[in-house]
Amino acid sequence: MDNKERVEIEAATFRRLLSHLDSRKDVQNIDLMNLASFCRNCLSKWYSAEAENRGHEVGYDVAREIVYGMPYSEWKAKYQQEATQEQLDKFNQQSN
């Protein structure tokens, strides 16, 4: 496999990850953080940072719209649930 093919496969894999996350709106960011130490917002930050590393300005809000498939405020209003105390406790334990 050459570098171009590898990059295309990685890009397709990333799009598949975004599609999977989009199909699992029931999985909250705090759940992702508690299980895997990253979430949709982390992906957005990484996207923005990698664009900047390559000389492109993709602001955090634009990156979040790419990752969430809609403006973050819209996603949050439609799908974000209040974190339970158990979720918050687990998150805080990992943060310490």
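Modelled label-to-label distance, L88 and R16, 7 Å Cα→beta-carbon offset: nm?
With each label point 7 Å from Cα toward Cβ, the separation is 3.8 nm.
Can you list the HN-Hα couplings for the range 38-52, worked out from phi with the Karplus curve (6.51, -1.76, 1.60; θ = phi - 60°), rounded to whole Hz and with x for Gly and Pro?
These are the phi-based 3J(HN,Hα) values: 8, 8, 4, 5, 4, 4, 5, 5, 5, 4, 4, 5, 5, 4, 4 Hz.
For the chain, what does the relative contact order come out to in percent, with C-alpha contacts under 8 Å and a separation of six or more? Before the final figure, lay out each step's value.
Working: 57 pairs, mean separation 26.0, N = 96.
Dividing the mean separation by the residue count of the chain yields 27 percent.
Sort V58, V67, V7 by Cβ crowding within 10 Å, fewest neighbours at the top. Walk me through the intermediate numbers first.
Working: V58 17, V67 25, V7 10.
Least crowded to most crowded, the residues run V7, V58, V67.
Quick one: work out Rg over Rh on the C-alpha atoms of the range 3-95, Rh as Kirkwood radius.
Details: Rg = 14.6 Å, Rh = 14.5 Å.
So for the range 3-95, dividing Rg by the Kirkwood Rh gives 1.01.
Check the chain and count each lysine pair with an alpha-carbon distance under 26 angstrom, considering only pairs eight or more places apart or from different chains.
So the count works out to 10.
For the chain, which GluC sites (Glu not before Pro) pass both filters: DSSP loop (anything but H, G, I, E, B) and at most 14 other C-beta atoms within 10 Å? Write down the numbers at each step before the final one.
Details: sites: E5, E8, E10, E50, E52, E57, E65, E74, E82, E86; in loops: E57, E82.
Hits after loop and neighbour filter: E57, E82.
In the chain, which trypsin sites (Lys or Arg not before Pro) are in a loop and have at most 16 other Cβ atoms within 10 Å, using DSSP for the loop call?
Numbers: sites: K4, R6, R15, R16, R24, K25, R40, K45, R54, R64, K76, K78, K90; in loops: R24, K25, R54.
Answer in residue order: R24, K25, R54.
We did not get these values from a lab; they are worked out from the coordinates using the rules stated. Quick caveat, the model's predicted, so the values are computed rather than measured. All Cβ positions, even for glycine, are placed from backbone atoms using ideal geometry, and neighbour counts span all protein chains on display.
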